Structure formats: structure tokens, C-alpha cells
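These notes are about the structure you will find just below.
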There are 2 protein chains.
Amino acid sequence: MTAIRDYVEQNKERYLRSLIDFVKIQSVSADPKRANEVRRAGQWTADILKNIGFENVGLKETGGHPAVYGEWLKAGTDKPTILCYGHTDVQPEDPMEKWTTPPFDPVVKNGNLYGRGADDNKGQCLTQLFGLEALMKLDGKLPVNVKVFLEGEEEGGTGATEKFVFDNAKLLACDAVAISDTAWHSAEMPTIVTSLRGMAYLEVIVRGPSRDLHSGVYGGKVQNPLNAMGKIIAKIQDENGVVQIPGFYDDVVPLSDKEKAEFRAVGDEDEWLKKDLGVKALWGEKGYTTLERNWGRPSCDVHGIWGGYAGKGTKTVIAAEGGFKISSRIVANQDPEKIAKLYEEYLKKICPPGVTLEIKVLHLAYPMMVPIDSPFLEAAATAFEKGFGKRARMVREGASIPITAAFLRALKAPSIMVGYGLNSDNIHSPDECFPLDHLYNGIVTNYHLYHEFARVKK
Amino acid sequence: MTAIRDYVEQNKERYLRSLIDFVKIQSVSADPKRANEVRRAGQWTADILKNIGFENVGLKETGGHPAVYGEWLKAGTDKPTILCYGHTDVQPEDPMEKWTTPPFDPVVKNGNLYGRGADDNKGQCLTQLFGLEALMKLDGKLPVNVKVFLEGEEEGGTGATEKFVFDNAKLLACDAVAISDTAWHSAEMPTIVTSLRGMAYLEVIVRGPSRDLHSGVYGGKVQNPLNAMGKIIAKIQDENGVVQIPGFYDDVVPLSDKEKAEFRAVGDEDEWLKKDLGVKALWGEKGYTTLERNWGRPSCDVHGIWGGYAGKGTKTVIAAEGGFKISSRIVANQDPEKIAKLYEEYLKKICPPGVTLEIKVLHLAYPMMVPIDSPFLEAAATAFEKGFGKRARMVREGASIPITAAFLRALKAPSIMVGYGLNSDNIHSPDECFPLDHLYNGIVTNYHLYHEFARVKK
């Protein structure tokens with residue numbers, strides 16, 4: 001263990017200089033004018049891979065921004081193959097005026113590097129690449145077969161990279177995916193995200209009379225589309241937060257006792273959360289803690305609603321139509337297509353008399369779950385202990401990382417999320433930063449990670 | 001009866017010329033630039049009153065547009081005093097491009113006079129003034145005491161005229177108000193409107209977290225204000241269209257069998273209405289016909305709703321707040337202040353956990369009802385028979401005419417709505433018109449109306 005620590009200690013300056021150079025590349029994937037910068041960031045990481053000793057290294061055209069690919073497959077067929085995934089693109093820097101340091105001219109301050117992408121994902125991505133480099137330098141080889149696959153459009157996705165994964169399942173075939181692109185639950189508690197939610201997102205238009213009507217002349221004669229909309233929304237979820245759509249929960253994998261225990265170990269933040277959000281009470285499906293609801297249960301949220309007169313004062317109108325956008329975040333084993341279909345059937349069933357519905361499915365995303373007893377997860381937890389001296393907790397996240405669902409569906413591979421970010425790193429916001437000790441210890445952890453992966457029986 | 005017919009026949013040309021002159025005055029009360037035209041319209045009618053022989057004739061300043069007042073009180077204290085009410089102002093002419101004749105340069109076509117205000121209320125108002133003139137010319141006196149009160153801001157109300165009524169209750173004191181400002185149910189069926197609905201109009205803001213949240217990170221943790229808004233709206237009215245606010249119906253005067261019979265006589269238009277509005281079903285409070293619901297029962301309509309993301313595509317946001325505007329049209333004997341208070345109490349009671357409500361009362365209007373056995377109504381029905389050869393049906397209206405509620409509350413006087421308009425007269429729209437035979441027969445009817453009023457015992 002001393003060898004890797006010493007090695008990282010000796011190379012700290014070089015690692016930092018590399019991260020600064022990487023951040024200076026303005027690889028904002030959402031900005032068409034900077035497409036060349038995205039390509040340059042890909043090429044920059046490809047050069048590192050070549051220097052480490054990876055083979056078949058190059059950019060892969062996806063139809064969107066290109067991805068980086070490289071492989072080292074000499075560990076033997078008895079060893080697992082790991083797909084090392086990250087992304088080289090970054091979020092836009094807006095709003096510029098809120099940055100206290102230049103987003104693309106990074107500055108070291110208080111033990112952090114400040115700049116766009118310092119954490120998400122350039123700093124974390126370098127923990128992966130320099131971890132692999134350290135393995136090669138210290139051991140002369142990698143303990144497992146490794147394919148590196150770095151996306152160029154994670155922050156401004158067209159879906160092209162996901163399609164590339166499905167179209168190139170053989171090229172990317174692996175036993176597990178290693179990702180360093182998540183944050184710890186707190187600065188003191190490293191966590192491994194074992195599951196992410198998917199989504200079914202719909203838009204519903206509620207149509208009544210063929211024109212706007214005067215509420216005096218017509219009030220009481222017809223179903224009001226906005227009244228009807230309230231009735232529809234109210235029937236989707238009951239007073240206990242339970243979604244009323246038949247079959248909605250059928251495929252949900254129940255939270256295991258082990259997972260519930262892991263969640264409890266993370267601690268109850270309800271009081272803090274209420275204060276932070278300025279609400280008197282948290283709320284959701286009865287019988288579950290706040291973390292269980294967000295991490296392990298499907299949700300139901302109206303995202304937007306409109307119809308009739310929203311200006312100042314009064315207008316006595318019965319609007320011809322109104323609409324709302326709604327989604328459910330879905331959990332492991334739920335199928336977004338099936339959930340969208342159940343939504344559609346239910347909405348049509350509960351549609352009040354006198355109005356009609358137009359239902360559009362706007363977005364579907366698959367959930368992702370690694371079984372909590374996966375040996376790859378165990379390997380990651382051990383790597384954390386060796387890299388940071390702390391046991392990582394197994395948690396979930398309420399949000400989605402669609403590519404992990406693609407890896408699961410296209411490659412049948414679990415995504416092992418060994419992330420080194422902190423919630424205070426301001427990702428997607430001004431003054432993004434990454435703690436330098438997380439950069440260095442992350443490299444140590446990723447060094448151990450591949451050794452631990454090597455112990456997993458194929 | 002021949003005398004009045006002959007007299008009107010001889011004066012047709014003069015009546016028409018007068019109406020043309022009246023319409024030419026651009027008395028658009030909503031347009032501050034034409035305030036002088038509103039005043040001129042008032043002066044123009046005041047001159048007619050003086051010519052007829054009215055006393056104390058002049059403009060009354062109200063704080064808004066001036067009103068016209070004149071009186072003839074020589075019928076004796078044993079005769080009723082009638083307040084003859086109308087308005088001299090008109091709706092704006094917009095949209096100009098949709099007029100096929102000039103709005104303020106009236107044209108006779110197909111037996112109608114076309115122009116802004118031809119029906120509402122200039123044509124109908126002249127049936128009143130020339131009815132009074134005919135009484136003076138033929139009888140040498142009026143059969144009842146008459147106060148004429150013509151408003152200058154019915155179409156662009158500031159509330160100043162209503163306040164004037166309350167502040168000048170002694171000046172305007174009367175036994176009944178005669179109004180010619182309504183339309184028949186159909187071209188073949190003259191109707192007298194005996195009741196109008198009032199209104200309680202509120203705005204509700206539903207507030208949740210202090211900022212917009214990511215639905216992945218927070219979905220399931222907190223009450224979503226837009227979900228909550230749906231639940232709130234759904235609890236106001238049940239599946240049968242019955243408002244669920246405790247005490248809401250307490251003061252409603254039930255429809256009498258006589259009224260229900262009158263409504264039935266008007267005929268069932270449900271099939272026509274469904275076709276006209278393009279809906280498969282009409283809807284409302286169970287146990288009542290469409291007309292009964294609109295005319296005789298309080299309603300509940302959401303007029304506008306907003307919150308979150310209403311643009312194209314998806315945004316996975318939990319909005320910090322949303323809002324809606326809602327009103328109930330209320331019926332005879334319901335008090336809008338009480339109804340607004342019941343709304344407020346109920347909304348607070350049903351507010352789901354995790355959100356708070358801000359409730360604003362935006363508008364209150366009192367309902368108006370004349371008891372269907374009022375002798376003044378009977379007088380009006382007889383006048384219709386004499387003027388148009390048709391018995392008028394007693395109906396209600398779902399909309400509001402706030403000044404009639406002011407007459408009821410300030411003067412304790414029922415408003416007898418002897419209107420001559422048709423639904424095809426395009427009031428408030430381009431190509432407004434008034435049938436000339438309704439102008440002439442309306443004068444005959446109003447002549448008889450005052451004779452019939454004279455028979456009502458004080």
C-alpha cells in the first residue's frame with residue numbers, strides 16, 4: 001500500500017497540472033460553437049490513454065459529439081473485463097457573473113481546484129485515468145481487462161452516445177462498468193450509488209368546449225376543463241401519497257432489510273431538509289422514510305400546469321382547455337414504457353364526463369440497479385477503505401443517469417459508481433470545484449479498485 | 001290600444017333618426033379619450049327628458065362617468081314610484097376590422113339598425129324614453145311617479161355609479177326599477193329575467209418549498225405544490241357537481257315548482273348546446289336540468305391555473321408554487337362575503353400537509369331576485385302581451401348585472417327586466433344591431449308597462 005501512496009505523492013504536481021490543462025479546454029457540449037473544444041477534450045484524454053499503454057485508442061463518431069475508446073485486454077480470459085466510463089464534456093458556465101474565479105482558467109484555493117468541470121467530470125475522470133496509469137507504472141500491467149469509454153455529450157445529450165452503446169455492444173462488452181461521477185452523501189461519508197431511478201414523463205391536454213365561454217352564461221352547464229384537470233390530478237395519488245394507477249407498483253423491487261439499514265446509517269436529515277426548503281412538513285408515500293421514498297420508491301410529480309386566465313385581477317372565463325406535465329421517477333425493475341401505458345389507460349379511465357384528453361409521452365428513461373450483494377460493489381467498498389480509510393455506504397439516488405441504464409440493458413453490466421465528488425462542489429453551478437485530496441485519494445482508490453475487481457470470480 | 005299603435009306608427013321615422021343620432025355619439029366608457037362623448041350622450045338623453053316634461057333634469061357627478069337624472073312625481077302618493085334605469089355608454093368597437101358597417105355611422109339593413117350600442121343599450125333605452133314620451137303626449141301625464149336614472153359607465157364600470165346609488169338612496173327611492181337591457185330567450189319567445197347570479201371570486205396561491213427543486217433529487221421527499229393544487233381543486237366539488245364547502249348551499253332559495261315549470265316551457269336545448277360547444281356531454285350538479293343549474297343553482301369554476309414549466313418538452317422541476325383563480329356564481333339570498341369566507345375556511349381546512357395557501361378575494365357581487373309572484377312582474381308580462389302579442393316567460397340568467405343587486409340592497413326595489421334584445425343582436429361584438437320592430441313595439445310595450453305598474457297596489 002505504501003508504493004501507491006508514495007507514487008501518488010510524487011506525482012501530485014503533475015496530476016494537478018493535468019487537471020488544470022483539462023479544465024482549460026472549454027468542452028461545453030450544449031454549445032454548438034464549442035463542438036471543436038469537445039473534440040479536443042476527447043483527443044486530450046485519448047493521448048493520455050496512448051501514453052499509459054492502451055491500444056486501439058481513438059475517437060469514435062456517434063452522430064453526436066464523439067466518444068473516446070481505448071482498450072487493454074491482456075489480463076487473461078479468467079479475469080473480468082471492466083468498462084471504465086466517464087465524460088469529457090462539461091456544463092455551460094452561465095451565469096458567468098456569479099463566478100468568483102474564471103470558469104476556464106482554474107485556480108487553487110482552500111485545497112480545492114475551482115473551474116468548470118473540476119469535479120464533473122474532469123477531476124473524477126482523471127482519478128480513473130491516473131489510477132490506471134499508476135497500475136501500469138507500479139505493476140507493469142493491469143489486474144483486469146479494461147476498456148475505457150469516455151462520452152462527449154453527457155451534459156448536453158442527444159441520445160447519440162446511448163445509441164452507440166446499443167449499436168456497439170460487442171465492442172463495449174464487459175462484466176462491470178466503473179464510473180466516478182457521483183457525490184458522497186456528506187464530506188465525512190463516502191457512498192456508493194447502487195441504484196438510480198428512471199422516468200416516464202407525460203403531457204396531458206384536457207379539452208372541453210370548443211371555445212372559451214362566459215362563466216355566467218355557461219357556468220353550471222358544462223364540465224370546466226380546469227376543474228376536471230384538478231380532479232384528474234387528484235386521482236393519480238391518494239392522501240397517503242400512494243399512486244392509484246392499477247399495476248403501477250407491480251414490478252417494484254422491494255427495499256431489502258440490508259438496504260434499509262444502509263439508508264438508516266446515512267442518517268435522518270428531515271429536520272435539516274425542512275429548514276432548508278422552508279416547509280413545515282415533508283411528505284410522501286406513507287410507511288417509508290424520506291430517503292426510502294426518494295431512493296427506493298417511484299414518485300409522482302406535476303411539473304407544470306396551465307390554462308385559462310393567469311393575469312392580474314379577474315376574468316370570468318371557462319377555458320376551452322388546460323394542460324399539465326407529469327412524471328413518475330421509477331425504480332429498479334419498473335419499465336418506463338409499461339408505466340407510461342398504465343398512466344395513459346388510467347387517465348382515460350378517470351377522465352370526467354364532458355372533457356376529452358390528449359396524452360403525449362414526452363420522455364422515457366430506464367432505472368438502474370446493482371444488486372446490493374454484487375461482488376463488484378464489495379470490491380468498490382474495500383477500495384474506498386484502502387483509498388480514504390473509510391468504509392463506503394451503499395445508497396441510491398432519486399435522479400437518473402440514463403447511460404447506466406443503457407449499460408445494464410445493452411451490455412447486461414452493472415455500473416459500479418465509485419464517486420469522489422462532494423455536494424459542496426457546486427457542480428452545474430458557478431464556482432464549481434474539486435477537493436485536491438479527493439483527486440489524489442481518488443487515484444489511490446481507483447488503483448485499488450481494479451485490484452479488488454480482479455478478485456471477483458468470473 | 002289603437003291610439004298608442006297609431007302614435008308610434010306616425011313617429012317611426014323620428015324614432016329611427018333619434019336612435020341613429022344616439023349611436024353616432026361614441027360614448028365608449030372604457031376609453032378615457034372618449035369621456036366627453038360619454039358626457040355628451042348623457043346630455044343628449046337629458047335633453048329628451050326635458051322635452052318630455054321631466055323636472056330636475058341634469059347630469060349627476062358620480063366620481064366616474066356622470067349619470068343622468070330626471071323626475072316626474074305628480075301621479076300622486078297612492079301610485080307607485082318607478083325608477084327607469086338604462087345606460088348611455090357602449091362597449092368599445094374593437095375589433096374594428098370585423099365590422100361590415102361603420103360602428104358609429106349606423107346603417108339600416110334587413111329591418112335592423114346596425115351600429116355600436118344599437119341594442120345595448122341605446123335602442124332599448126329609447127324604447128323607455130319614447131314610451132314615457134308617448135304617455136305624456138297621449139295621456140297628458142304619467143300613470144305612475146317616474147324617476148329616470150341613466151348610467152354612463154355600465155360597460156366600463158369603476159363601481160362609482162353603484163356607490164352613487166347607495167349614497168343617494170333617498171333621491172332614487174322607488175317601488176320598482178324598470179330596465180330594458182336584456183335579450184329574449186329566442187326570437188319567438190319574449191322573456192323577463194327575474195333573477196341574476198352574484199359572484200365570489202378568489203385567487204389561491206399554493207406555496208411549497210422555498211425554491212424550485214429537481215424532481216429526481218427531491219421527488220418523493222416533499223409535497224409538490226402542483227399536485228397539492230389538483231387535490232385542493234378536486235375537493236371543492238364532488239363527482240356529482242355538488243360543492244363540498246360546508247354551509248355553501250345554506251342560504252340558497254330553492255327553485256319553486258312555478259319557476260321550474262317556466263324554465264321547462266322555455267324548452268330543452270341540451271342537444272343543440274352540445275353540438276354548439278363540441279362536447280359529448282353537458283355536466284353539472286346532479287338532479288337539476290341544464291337551465292336550472294345555470295339559472296337557479298350556484299356554480300364553481302376555475303378560471304385560470306398556473307405553475308411550473310409550461311413550455312415545450314420536458315423540465316423535471318418541482319415548482320415552488322402554483323396558483324389558480326376560482327369563482328362561484330351565487331344565487332338569490334346567498335351573500336358573496338359569506339361565501340368567500342366559507343371558501344377561505346374550507347380551503348385552509350383541506351390544504352394538504354407540506355404546502356401553505358395565500359387566499360385573496362378578488363371580487364364580490366350580490367345576486368338579485370324578484371319573487372316570481374311579484375305584481376310588478378305580472379304587470380310586465382301583461383305589457384308584453386299588449387306590445388308584442390306574446391306572453392313573456394319568466395326566466396333567470398346565469399350572469400350578473402351588479403347594479404340590480406345595488407337597487408335591491410340600497411333601495412329595496414326589485415328590478416323588472418323588460419328587455420327587447422335578441423341573442424342575434426351581436427352585443428359586445430362587431431355588427432351589433434337592433435330590430436326596428438323591437439324598437440317600435442318596445443315603445444308600445446313600455447307605454448303599457450307604466451299603465452300596468454299603475455295598477456299595482458302600493
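The values are calculated or read from the model by the stated rules, or taken from the named source; none is laboratory data. Predicted, not measured: the structure shown is a model, and the values here were computed from it. Cβ coordinates were reconstructed from backbone atoms using ideal geometry, including for glycine residues, and neighbour counts include every protein chain displayed.
When restricted to residues that are of a type in the set (A, V, I, L, M, F, W, C), touching a Phe, Trp or Tyr at 6+ places or on another chain (Cβ under 8 Å) and surrounded by fewer than 24 Cβ atoms within 10 Å (Cβ to Cβ), region A:292-339 contains 3. Can you tell me which residue in region B:206-248 is nearest to the other protein chains (Cβ to nearest Cβ), limited to those that are under 21 Å from residue A:271 (Cβ atoms) and hydroxyl-bearing (Ser, Thr, Tyr)? Checked region B:206-248; the qualifying residue nearest to the other protein chains (Cβ to nearest Cβ) is B:210.
With respect to being surrounded by 22 or more Cβ atoms within 10 Å (Cβ to Cβ) and in a loop (DSSP other than H, G, I, E, B), residue B:387 falls outside the description. Residues that are assigned to a loop (DSSP other than H, G, I, E, B) and at the interface with chain A (Cβ under 7 Å from one of its Cβ atoms) were ranked within region B:290-299; the one that is farthest from residue A:199 (Cα to Cα) is B:297. Checked against (1) within 14 Å of chain B (Cβ to nearest Cβ); (2) closer than 30 Å to residue A:92 by Cα; (3) in contact with a strand residue (DSSP E or B) (Cβ under 8 Å, 6 or more places away or on another chain); (4) outside any helix (DSSP H, G or I), residue A:404 meets all criteria but (4). Assess whether residue A:304 counts as being free of Cβ contacts under 8 Å to residues at least 60 places away in the same chain, part of a strand (DSSP E or B) and at the interface with chain B (Cβ under 8 Å from one of its Cβ atoms). Yes. The residue that is surrounded by the most Cβ atoms within 10 Å (Cβ to Cβ), counting only those in region B:249-285 that are in contact with a strand residue (DSSP E or B) (Cβ under 8 Å, 6 or more places away or on another chain) and aromatic (Phe, Trp, Tyr), is B:263. Could you please let me know if residue A:132 is closer than 24 Å to residue A:31 by Cβ and not charged (D, E, K, R)? The answer is no for residue A:132. Listed conditions (1) outside the structural domain of residue A:170 (by TED's automatic domain parsing); (2) of a type in the set (D, E, K, R); (3) in contact with a Phe, Trp or Tyr (Cβ under 7 Å, 6 or more places away or on another chain) are all met by residue A:397, apart from (1).
Is it true that some residue in region B:54-72 is more than 23 Å from the chain's Cα centre (by Cα), surrounded by 19 or more Cβ atoms within 10 Å (Cβ to Cβ) and not hydrophobic (A, V, I, L, M, F, W, C)? Yes, region B:54-72 contains at least one residue that is more than 23 Å from the chain's Cα centre (by Cα), surrounded by 19 or more Cβ atoms within 10 Å (Cβ to Cβ) and not hydrophobic (A, V, I, L, M, F, W, C). Scanning region B:352-366 for residues that are more than 11 Å from chain A (Cβ to nearest Cβ) and assigned to a loop (DSSP other than H, G, I, E, B) returns a single hit, B:366. Looking at B:113, B:49, can you tell me which residue is hydrophobic (A, V, I, L, M, F, W, C) and assigned to a strand (DSSP E or B)? Just one listed residue meets the conditions, B:113.
Does residue B:375 satisfy the condition of being under 24 Å from residue B:222 (Cα atoms) and surrounded by fewer than 24 Cβ atoms within 10 Å (Cβ to Cβ)? First the steps, then the outcome.
On the way: under 24 Å from residue B:222 (Cα atoms): no; surrounded by fewer than 24 Cβ atoms within 10 Å (Cβ to Cβ): yes.
In short, no.
Name, by its number, the condition in (1) small (Gly, Ala, Ser); (2) assigned to a loop (DSSP other than H, G, I, E, B); (3) surrounded by fewer than 21 Cβ atoms within 10 Å (Cβ to Cβ) that does not hold for residue A:410. Answer for residue A:410: the failing condition is (2). When region B:309-351 is filtered for residues that are assigned to a loop (DSSP other than H, G, I, E, B), in contact with an Asp or Glu (Cβ under 8 Å, 6 or more places away or on another chain) and more than 8 Å from every other protein chain (Cβ to nearest Cβ), the ones remaining, listed by number, are B:320, B:333, B:334, B:335.
Might you check whether a residue that is closer than 20 Å to residue A:177 by Cα and assigned to a helix (DSSP H, G or I) occurs anywhere in region A:56-66? Scanning region A:56-66, I find no residue that is closer than 20 Å to residue A:177 by Cα and assigned to a helix (DSSP H, G or I), so the answer is no. Taking every residue in region B:426-440 that is within 11 Å of residue B:91 (Cβ to Cβ) and pairing it with any residue that is of a type in the set (Val, Ile, Thr), at least 6 positions away or on another chain, the pairs with Cβ-Cβ distances below 9 Å are B:430/B:100; B:432/B:90.
Residues in region B:156-195 that are within 14 Å of the chain's Cα centre (by Cα), farther than 14 Å from residue B:85 by Cα and crowded, with 22+ Cβ neighbours inside 10 Å: B:184, B:192, B:193, B:194, B:195. Close contacts from region A:38-55, counting a first residue that is farther than 17 Å from residue A:116 by Cβ and a second that is part of a helix (DSSP H, G or I) and charged (D, E, K, R), with Cβ to Cβ under 7 Å and a gap of 6+ residues or different chains, come to A:52/A:133. Would you confirm, using the coordinates I've provided, whether residue A:221 is under 22 Å from residue B:224 (Cβ atoms) and either small (Gly, Ala, Ser) or not in a strand (DSSP E or B) (or both)? So residue A:221 fails the test. Residue A:59 - would you say it is under 22 Å from residue A:416 (Cα atoms) and of a type in the set (A, V, I, L, M)? Answer is no for this residue.
Just checking, does region A:444-458 include any residue being hydroxyl-bearing (Ser, Thr, Tyr) and surrounded by fewer than 21 Cβ atoms within 10 Å (Cβ to Cβ)?
Initially, region A:444-458 is screened for residues hydroxyl-bearing (Ser, Thr, Tyr), giving A:445, A:447, A:450.
Applying the additional criterion that residues be surrounded by fewer than 21 Cβ atoms within 10 Å (Cβ to Cβ) yields none.
Scanning region A:444-458 turns up no residue that is hydroxyl-bearing (Ser, Thr, Tyr) and surrounded by fewer than 21 Cβ atoms within 10 Å (Cβ to Cβ).
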